[in-house]
1. I want to confirm something. Restricting to the stretch 170-203 and keeping residues that are over 25 Å from the mean Cα position of the chain (by Cα) and surrounded by fewer than 17 Cβ atoms within 10 Å (Cβ to Cβ), which single residue is nearest to residue 110 (Cα to Cα)?
2. Any chance you could count how many residues in the stretch 243-290 are surrounded by fewer than 16 Cβ atoms within 10 Å (Cβ to Cβ), touching a residue at least 12 places away in the same chain (Cβ under 8 Å) and closer than 24 Å to residue 60 by Cβ?
3. Out of everything in the stretch 53-71 that is part of a loop (DSSP other than H, G, I, E, B) and surrounded by 11 or more Cβ atoms within 10 Å (Cβ to Cβ), what residue ends up being nearest to the chain's Cα centre (by Cα)?
4. Which number in (1) more than 24 Å from residue 204 (Cβ to Cβ); (2) touching a residue at least 12 places away in the same chain (Cβ under 8 Å); (3) of a type outside the set (S, T, N, Q); (4) surrounded by 12 or more Cβ atoms within 10 Å (Cβ to Cβ) marks the one condition that residue 131 misses?
5. I need the full set of residues from the stretch 204-214 which are exposed (fewer than 10 other Cβ atoms within 10 Å of the Cβ) and either at pLDDT below 85 or closer than 17 Å to residue 112 by Cα (or both), in order please.
6. Of all residues in the stretch 81-113, which are surrounded by 14 or more Cβ atoms within 10 Å (Cβ to Cβ) and over 22 Å from the mean Cα position of the chain (by Cα)?
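The values are calculated or read from the model by the stated rules, or taken from the named source; none is laboratory data. All figures in this text were calculated on a predicted structure; none of them were measured in a lab. All Cβ positions, glycine included, derive from the backbone under ideal geometry; neighbour counts span all protein chains shown.
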Amino acid sequence: MAQQQLAVGATHVSSRSGSLRRVLGRDWLLAWLMIGPVVAIVVALLIYPFLDAFVLSFQERFVGQTGTFVGLRNYVDLFTGADAIFLKAAGITFALTAAAILGKLILGLAMGAVLNQEIPARNVFRGIMFLPWAVPAVVTAYAWRFLFDTTGPINGVIAEFSLLDDYLYFFNDAKLALPALTLVVIWAGVPFWTMNIIAGMQAIPQELYEAADIDGAGTVQKYWYITLPSLQAVLAVTAMLSTIWTSANLTQIIILTGGGPNNATMTVPLLSYLTAIPGHQLGLGAAISMTIVPVYMILVYFLTRRMLRQEG
């Protein structure tokens, strides 16, 4: 009798396991059917082009010709080139990105603090603030090109009030081109920072501020000890994304300066484009673009590690 009960129980467990396997099997099939198109798109648009560019960077290949494997020669040429154009472009890319991120951070925090308050017509000001982010990069570049032109409003004011002896040739002067370009990049990127900072501020529990009021904390103290620490995760993610987008910026630089004057605004992405497309050196252009990938990987690694540590 006991053996029969055990057999029945084993059969019941086996039946339940089989049914679970069938259910899980259907779920996994459904899951793969749902994510299959996404995986295919990622592989087709991201993974395959990246691997193809990585392989291409070890070849000497020109447009319309078959590539020849040359090992690390493309990378050696970049770092030992006679004109050192790549090293100069890397330095300019770092300077532009660092200055732009700092400017976006300061202005984003300031505008976020203001637009998070109960002020008249707050939604109107928020909508106006988001305009630079909504406008296409091409439109932004041409608008600023008009503003900085010798016949534009800025030089018009200078001439009208005799502020200087001559016009300011923003994108034709090597000393002014990079600061002017940085200003454009900051203007276009501040709304993204402000939007994330406002969202982060609204997620902070109001009980923390109420407790600080009871303890007699002032506005500056609450901002320093409550707001900023609570925004660490938001600022980290925003900084990572903004760093990648800023360092990879291409449209605005091509329209405003084209890398000039005298390569004063030549960045790594622009150098890669000019080398591969107009210059027809596909292998060397791919090698230039690959040099910035480790920087992105390091940023993603440390950010992910920090986020996981905070969640833990």
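1. So the residue we want is 175.
2. Going through the stretch 243-290 one residue at a time, the tally reaches 1.
3. My answer is 57.
4. (4)
5. Of everything in the stretch 204-214, just one residue is exposed (fewer than 10 other Cβ atoms within 10 Å of the Cβ) and either at pLDDT below 85 or closer than 17 Å to residue 112 by Cα (or both), namely 206.
6. 85, 113 - these are the residues of the stretch 81-113 that are surrounded by 14 or more Cβ atoms within 10 Å (Cβ to Cβ) and over 22 Å from the mean Cα position of the chain (by Cα).
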